[in-house]
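A.B. asks: Quick one: the structure is below, questions incoming.
The values are calculated or read from the model by the stated rules, or taken from the named source; none is laboratory data. All values reported here derive from a predicted model rather than from experimental measurement. We place every Cβ from the backbone using ideal geometry, glycine too, and count neighbours over all the protein chains shown.
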């Protein structure tokens with residue numbers, strides 16, 4: 001029996017997304033037959049105390065307050081970046097230069113020029129990359145893509161997509177890195193998911209017309225002073241796809257009451273689909289082939305028939321969750337690293353999304369349709 005090789009992981013950041021990545025790596029090893037074993041090698045965070053506590057909690061053998069320790073360690077194969085957006089470029093480029101594979105949360109970088117530089121560097125060095133768009137790994141999302149491609153909806157005519165949450169609703173909440181220009185605003189932070197989903201399902205977006213709105217003009221800082229906010233709280237765009245379909249997306253972090261509204265609705269000449277991340281194990285399908293008097297959106301419930309749901313649960317309707325989507329994403333990434341499959345969402349695709357974000361922002365400022 002041939003033993004599997006081991007890939008050692010260095011994680012930068014142990015906040016919400018850092019935890020999600022750890023859970024994803026741990027789960028992926030249990031539910032998939034990965035082509036390599038995974039080892040939690042070193043965790044880096046803002047100070048030694050935070051890093052050591054997180055390393056102990058998550059099972060990392062080592063901890064550090066200097067992320068470059070991970071880059072410089074020859075034992076580490078994968079550098080996993082869940083640090084603030086503005087730090088992604090520096091960390092990723094140094095990791096790529098050291099020959100490491102890089103897994104980075106979205107948005108890949110605050111500017112398309114930075115994201116393109118990162119993608120170019122990764123391809124030149126032949127390292128494998130992954131940007132964190134795990135919503136696309138949902139079996140229901142994949143089913144929707146299959147139904148569209150097979151013609152079950154007929155000719156696609158319109159698309160509506162939204163990613164809305166309410167974590168920035170309170171105007172008295174403090175100014176954070178997300179409110180910096182480099183943070184990108186709601187369009188980059190949340191609208192990037194809506195854009196990635198739109199292209200995943202319907203193909204290339206070729207024109208955009210944007211409307212980016214700042215709702216809360218200033219926020220308090222730690223010292224009690226106020227600081228101006230110029231990034232958008234709501235970013236919207238009308239879209240035209242290469243297929244001829246048209247649509248609309250929205251990224252909104254002041255959507256009072258919404259915790260995870262990543263929804264899409266697609267209308268075709270023969271049917272329609274509706275999906276909400278708030279009920280991520282369900283896809284709703286309307287078909288004109290149903291008899292009149294029997295028509296309506298009917299629920300398709302996630303089940304073992306929808307790979308890889310069955311890897312997590314043998315019973316239909318019992319549901320998988322957000323961290324499971326991370327595990328599915330990581331399964332694809334490890335297979336790509338080991339030459340067993342393609343890179344599902346490499347840095348080049350992450351740069352593509354940033355290109356769309358900046359095109360929408362430019363269109364918003366200049367009031368008109370923009371070709372992308």
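A.B. asks: Only one of these conditions is not met by residue 216: (1) outside any strand (DSSP E or B); (2) under 21 Å from residue 147 (Cα atoms). Which number is it?
C.D. replies: Answer for residue 216: the failing condition is (2).
A.B. asks: Would you confirm, using the coordinates I've provided, whether residue 312 is within 30 Å of residue 110 (Cβ to Cβ) and either at pLDDT 95 or above or under 14 Å from the mean Cα position of the chain (by Cα) (or both)?
C.D. replies: So residue 312 fails the test.
A.B. asks: Just a yes or no: is a residue in the stretch 92-101 assigned by TED's automatic domain parsing to the domain that holds residue 354 and part of a loop (DSSP other than H, G, I, E, B)?
C.D. replies: So far as the stretch 92-101 goes, no, none of its residues is assigned by TED's automatic domain parsing to the domain that holds residue 354 and part of a loop (DSSP other than H, G, I, E, B).
A.B. asks: Could you go through the stretch 312-322 and let me know if any residue there is in contact with a helix residue (DSSP H, G or I) (Cβ under 7 Å, 6 or more places away or on another chain) and outside any helix (DSSP H, G or I).
C.D. replies: Scanning the stretch 312-322 turns up at least one residue that is in contact with a helix residue (DSSP H, G or I) (Cβ under 7 Å, 6 or more places away or on another chain) and outside any helix (DSSP H, G or I).
A.B. asks: If residue 208 satisfies every condition in (1) more than 26 Å from residue 286 (Cβ to Cβ); (2) surrounded by fewer than 17 Cβ atoms within 10 Å (Cβ to Cβ); (3) touching a residue at least 40 places away in the same chain (Cβ under 8 Å) but one, which is the exception?
C.D. replies: (2)
A.B. asks: Could you tell me whether residue 230 is under 20 Å from residue 185 (Cα atoms) and either surrounded by fewer than 22 Cβ atoms within 10 Å (Cβ to Cβ) or touching a residue at least 12 places away in the same chain (Cβ under 8 Å) (or both)?
C.D. replies: In short, yes.
A.B. asks: Which residue is farthest from the chain's Cα centre (by Cα), if the candidates are limited to the stretch 233-263 and must be surrounded by fewer than 22 Cβ atoms within 10 Å (Cβ to Cβ) and over 15 Å from residue 161 (Cα atoms)?
C.D. replies: Among those that are surrounded by fewer than 22 Cβ atoms within 10 Å (Cβ to Cβ) and over 15 Å from residue 161 (Cα atoms), it is 244.
A.B. asks: Quick one: in the stretch 124-149, which of the residues that are more than 26 Å from residue 275 (Cα to Cα) and touching a strand residue (DSSP E or B) at 6+ places or on another chain (Cβ under 9 Å) is surrounded by the most Cβ atoms within 10 Å (Cβ to Cβ)?
C.D. replies: Looking at the filtered set, the residue picked out is 129.
A.B. asks: A follow-up question, please. So residue 156 ticks every box in (1) more than 22 Å from residue 262 (Cβ to Cβ); (2) in contact with a strand residue (DSSP E or B) (Cβ under 6 Å, 6 or more places away or on another chain) but one. Which box is left unticked?
C.D. replies: With respect to (1) more than 22 Å from residue 262 (Cβ to Cβ); (2) in contact with a strand residue (DSSP E or B) (Cβ under 6 Å, 6 or more places away or on another chain), residue 156 is out only on (1).
A.B. asks: Okay, moving on. Inside the stretch 299-325, can you point out the residues that are touching a strand residue (DSSP E or B) at 6+ places or on another chain (Cβ under 8 Å) and surrounded by 13 or more Cβ atoms within 10 Å (Cβ to Cβ)?
C.D. replies: The answer is 300, 301, 302, 316.
A.B. asks: Considering only the stretch 18-39, state which residues are over 12 Å from residue 327 (Cα atoms) and buried (at least 19 other Cβ atoms within 10 Å of the Cβ).
C.D. replies: 18, 38
A quick yes/no check of all residues on (1) farther than 30 Å from residue 360 by Cβ; (2) touching a strand residue (DSSP E or B) at 6+ places or on another chain (Cβ under 7 Å); (3) free of Cβ contacts under 8 Å to residues at least 12 places away in the same chain:
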site: 74; (1), (2), (3): yes, no, yes
site: 77; (1), (2), (3): yes, yes, no
site: 90; (1), (2), (3): no, no, yes
site: 103; (1), (2), (3): no, yes, no
site: 114; (1), (2), (3): no, no, no
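A.B. asks: For the stretch 192-202, check the following and say yes or no: at least one residue is assigned to a loop (DSSP other than H, G, I, E, B) and farther than 12 Å from residue 163 by Cα.
C.D. replies: Scanning the stretch 192-202 turns up no residue that is assigned to a loop (DSSP other than H, G, I, E, B) and farther than 12 Å from residue 163 by Cα.
A.B. asks: Going by the structure shown, is residue 148 part of a helix (DSSP H, G or I), modelled with pLDDT of 95 or more and at negative phi?
C.D. replies: Judged against the criteria, residue 148 is a match.
A.B. asks: Of the conditions (1) within 18 Å of residue 337 (Cα to Cα); (2) touching a strand residue (DSSP E or B) at 6+ places or on another chain (Cβ under 6 Å), residue 118 fails just one. Which one is it?
C.D. replies: Condition not satisfied by residue 118: (2).
A.B. asks: Kindly list the number of the only condition in (1) surrounded by 13 or more Cβ atoms within 10 Å (Cβ to Cβ); (2) at pLDDT 95 or above that fails for residue 296.
C.D. replies: Failed condition: (1).
A.B. asks: Can you find a residue that is in a loop (DSSP other than H, G, I, E, B), buried (at least 18 other Cβ atoms within 10 Å of the Cβ) and in contact with a helix residue (DSSP H, G or I) (Cβ under 6 Å, 6 or more places away or on another chain) anywhere in the stretch 347-354?
C.D. replies: no
A.B. asks: May I ask you to list the residues in the stretch 264-292 that are in a loop (DSSP other than H, G, I, E, B) and in contact with a strand residue (DSSP E or B) (Cβ under 9 Å, 6 or more places away or on another chain)?
C.D. replies: Across the stretch 264-292, the qualifying residues are 269, 270, 280, 281, 288, 289, 290.
A.B. asks: Follow-up. For residue 43, state whether it is at pLDDT below 95 and outside the structural domain of residue 279 (by TED's automatic domain parsing).
C.D. replies: When the stated conditions are applied, residue 43 does not pass them.
A.B. asks: Out of (1) within 24 Å of the chain's Cα centre (by Cα); (2) touching a residue at least 40 places away in the same chain (Cβ under 8 Å); (3) not in a helix (DSSP H, G or I), the odd one out for residue 330 is which?
C.D. replies: Among (1) within 24 Å of the chain's Cα centre (by Cα); (2) touching a residue at least 40 places away in the same chain (Cβ under 8 Å); (3) not in a helix (DSSP H, G or I), the lone unmet condition for residue 330 is (3).
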